[in-house]
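The values are calculated or read from the model by the stated rules, or taken from the named source; none is laboratory data. What you are looking at is a predicted structure, and each value in this text was computed from that prediction instead of being measured. So basically every Cβ, Gly included, is an ideal-geometry build from the backbone, and we count neighbours across all protein chains shown. Surface accessibility is based on the protein's heavy atoms, side chains included, excluding ligands, DNA and RNA. Shrake-Rupley method; radii C 1.70, N 1.55, O 1.52, S 1.80 Å.
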Amino acid sequence: FDGQDDCCAPRRDPNKRPQVALAKLLLTRVVDAGLNGKSVLEVGCGRGELSAELLRAGAARVTGTDLSPPSIELAVRMAKEDELSDRLQFVVENATGSLPAHDAVVHHRVICCYPNADEFLARTIAAARSLYAFSMPKSAGFGGWCMRAALLAENVDHRLRHGAFRVYDHDERKVDRALVAAGFRLHARANQLGWFAAAYVR
């Protein structure tokens, strides 16, 4: 992650970054689901760009967490430069650790970085009071088949480069079942190539 802290941000020269369209789709779903005045926890915030957009879109305050200290350093610097530090905080934290409760939990292209989806979902869903939104690779249908092939190729590339990082193909139906079991219902979903963004409410 430390070498890719600039890969998924929704703003700041967005044309130079991949997956910006997906980040914007996720932001739109969150706003439509009722972001205004809510406290938000963004898990896997990277350099904090989406966290800042969530704040600008109506959140009362946002806390971003990430495993990468260099990414958090960049996020803190960005918040100071944009004069958002009073309502935008960043900490180094693992999503499978103890997470503080917030009105909303958001994660963008993060669950596919965790080998244990059940643990990730249990921790993050428990932290969400009324809104849970995320983006992840499709697992169903032709799009899911394509994404599995793409993720396999990416993992082969990581292995050949002797990198420890791997991506994981999780069943999107498992995510839906976990959220429904916790009392959430799907509010909106949008597709973008082999990915999708969704927001659940309760």
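Between the DSSP loop rule and a limit of at most 16 other Cβ atoms within 10 Å, which trypsin sites (Lys or Arg not before Pro) in region 134-166 are left?
ARG161, ARG166
Using Cα-Cα distances under 8 Å and only pairs 6 or more residues apart, what relative contact order does the chain have, in percent?
RCO, the chain: 20 percent.
At 20 °C and 1.002 mPa s, what whole-number value in µm²/s does Stokes-Einstein give for the translational diffusion of region 142-202, with Rh from the Kirkwood sum over Cα pairs?
159 µm²/s
Would you grab the residues whose amide H sits under 5 Å from the one on PHE90? Only those 5+ places off in sequence or on another chain, please, with H modelled 1.01 Å from N.
GLY64
Please give me, ordered by residue number, the GluC sites (Glu not before Pro) of region 67-116 that lie in loop per DSSP and have at most 15 other Cβ atoms within 10 Å.
Filter output for region 67-116: GLU83.
Among rounded, prolate and oblate, which fits region 55-130 when a ≥ b ≥ c are the square roots of the eigenvalues of its C-alpha gyration tensor, a/c under 1.5 means rounded, and a/b larger than b/c means prolate?
Since a/c reaches 1.5 but b/c is at least a/b, the shape of region 55-130 is classed as oblate.
Give the value in nm², to one decimal: projected area of the alpha carbon convex hull of region 39-99, averaged over all directions.
One quarter of the hull surface, i.e. the mean projection, equals 3.5 nm².
Residue-wise, which Karplus ³J(HN,Hα) couplings in Hz belong to region 95-101, taking 6.51 cos²θ - 1.76 cosθ + 1.60, θ = phi - 60°, and x for glycine or proline?
5, 8, x, 7, 10, x, 6
Let me check against my output: what whole-number percent is the relative contact order of region 92-149, with C-alpha pairs under 8 Å and at least 6 apart?
Relative contact order, region 92-149: 39 percent.
Just reorder PHE184, PHE165 by solvent-accessible area, largest first, 1.4 Å probe, all chains present.
Descending order: PHE165, PHE184.
Between VAL156 and ARG185, what is 0.36 nm times their sequence separation minus the Cα-Cα distance? Round to one decimal in nm.
Going from the current span to full extension adds 6.8 nm.
How big is the charge dipole of the chain about its Cα centre, in debye rounded to the nearest 20, if each Lys and Arg gets +1 on its Cβ and each Asp and Glu gets -1 on its Cβ?
With Lys and Arg at +1 and Asp and Glu at -1, about 540 debye.
State the percentage of accessible surface on region 86-145 attributable to carbon and sulfur atoms; use a 1.4 Å probe and exclude ligands, DNA and RNA.
Carbon-and-sulfur percentage of accessible area, whole number: 52.
Per-residue HN-Hα couplings for region 67-80, Karplus 6.51 cos²θ - 1.76 cosθ + 1.60 at θ = phi - 60°, whole Hz, x for Gly and Pro?
6, 9, x, x, 5, 5, 4, 5, 5, 4, 5, 4, 4, 5
Report which label in [x] 16.7, 51; [y] 18.6, 54; [z] 15.8, 47 holds the value of Rg and Dmax of the Cα atoms in Å derived from the coordinates of this structure.
Given [x] 16.7, 51; [y] 18.6, 54; [z] 15.8, 47, the calculated one carries the label [z].
If amide H atoms are built 1.01 Å from N in the plane of the peptide, which residues on other chains or at least 5 residues away come under 5 Å of the amide H of LEU41?
THR63, ALA104, VAL105, VAL106
Taking a probe of 1.4 Å, how large is the accessible area per residue of region 127-187, in Å²?
Accessible surface, normalised per residue, equals 57 Å².
Given H placed 1.01 Å from N in the peptide plane, which residues other than close sequence neighbours of ALA188 have an amide H under 5 Å from its amide H?
Here ALA199 satisfy the definition.
Of LYS38, LYS174, which has the most accessible area and how do the rest follow, probe 1.4 Å?
Highest to lowest solvent-accessible surface, that is LYS174, LYS38.
Pairs of lysines 8 or more apart, or on different chains, with alpha carbons under 22 Å: count those in the chain, would you?
5
For region 157-173, just list the computed ³J(HN,Hα) in residue order, Karplus coefficients 6.51, -1.76 and 1.60, θ = phi - 60°, integers in Hz, with x standing in for Gly and Pro.
Taking θ as phi minus 60°, the curve returns 4, 4, 5, 5, 8, 6, x, 7, 5, 9, 10, 10, 9, 9, 6, 5, 5 Hz for region 157-173.
Once you charge only the Cβ atoms, +1 for Lys and Arg and -1 for Asp and Glu, what is the size of the charge dipole of region 134-202 about its Cα centre, to the nearest 20 debye?
180 debye
Grab the other residues whose beta carbon is less than 12 angstrom from that of ARG61, score K and R as +1, D and E as -1, and report the net.
-1
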